Structures are given as structure tokens and as C-alpha cells.
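Structure first, commentary second.
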């Protein structure tokens, strides 16, 4: 069997280690391991009998000063991070408010443009008398284009299907849907119930 190491003997004397049955038998029969054990026991007894040395006051104050300075450095390093967190929090809130404000402005502009687009796309028949001024003439160029386009449609329909000269005066009083309905009745190509007024 192998000899006990110095660490095992030291731990055995300090009470940190318990030898198993084989190690105890070896220790009892091996003169070399017995000698090591006796040396370690004498060293332990000598160390225990040494007088207690008092520490000089100067050393104690230096150690306390170092400990306190380390704690102050820790506090200094900890508190700037808290201040930085407040700055970060304030700037984050400001950015979020700017984003919300920007989205609101963009949405309102988009909504107002959408409303204006809806206003420009109304048919002439929905606008009615508002499209003309007091003289009966139309001031809005887009409405004028729509009216002239409506006149062209009425003229072409009257020429193609009725085979008569366009009745300018009478056709202006008839809406396109009424004209199409009357044409459908004459030609009987369409079911009259499919046409809505």
C-alpha cells in the first residue's frame, strides 16, 4: 500500500479527514508514516503554544482605512449608474412622446387628405345646384369636365340608339339612369328589374 501524504496526515490531525480501515492498519504498521504523524503532531503542538501576537494599532487603522475607501468607491460607482438610469428614463419618455405626437400629426394629415379626395370625387348629380353660381354657369373646372362628359354620353346614346337628332333641351332634364332604363324597355335586352334608379 502507498504511504500517507503530508496533506492526509495534516487533515487527520485537524479532524478534517477520517482514515479507512486499510489506511489505519498501514499507519500502525508503517514506521515511516508513524514518524510523519509524530512530526506533524509536534508541529501542531508548537504552533498552539506560540504566544498570541498583538497587532500594532497603526496596522489596524490602515486596514480599516482601506476597507472604508473600498466601500466609498463602491458607493461612488453605484450612484452614478442610478443617475444615468434617470437620464435614460427621461430621454426614453421624451422619445416615446415625440413618436406618439408624430404619428398623430401624420394620421391627421392623411385623414384630412383622404377627406379632400372624397370631396373631389363626388359625381355631378350629387353636387347639384352647388356646382353652379347664380348665373347658372359652372366655376369649377373639374365639374365642367364632368358635365361636358355627361353631355357627350347623352349625345352618343341618343344618336346610336334612338337614331334621332340629339334633343339638347330634353336630354338635360333626363338622368342617364332614366335614359338607360327607357332604352332597355325598348330593346327588351335587359331585365328591367336589374336596372336601379
Report summary line: Between the modelled labels at residue 181 and residue 103 (7 Å from Cα along Cα→Cβ) the distance in nm is 4.9
Query raised in the report: Across 5 Å bins from the origin, how do the percents of Cα pairs in the range 6-47 run, short distances first?
Result: 5, 24, 32, 27, 9, 3, 0
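List 17, 33, 46 from most exposed to least, where exposure is judged by having the fewest other Cβ atoms within 10 Å.
Details: 17 14, 33 20, 46 9.
Ascending number of Cβ neighbours within 10 Å: 46, 17, 33.
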Query raised in the report: At what distance in angstrom do the alpha carbon centres of the range 87-108 and the range 8-38 lie from each other?
Result: 76
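By how many nm would the segment from residue 66 to residue 3 grow when fully extended, if each residue of separation counts as 0.36 nm and the alpha-carbon distance is taken off?
Details: separation 63, 0.36 × 63 = 22.68 nm, distance 4.60 nm.
Once the chain is fully extended between residue 66 and residue 3, it gains 18.1 nm.
Among 66, 34, which comes first, then next, by fewest other beta-carbon atoms within 10 Å? Display every interim value, and only then the final one.
Numbers: 66 10, 34 14.
Going from least to most buried by this count: 66, 34.
Taken together, the values in this text are just the output of simple stated rules run on the coordinates, not laboratory data. Model, not experiment: these values are computed from the prediction. Glycine gets a Cβ as well: all are built from the backbone with ideal geometry, and neighbour counts include every protein chain shown.
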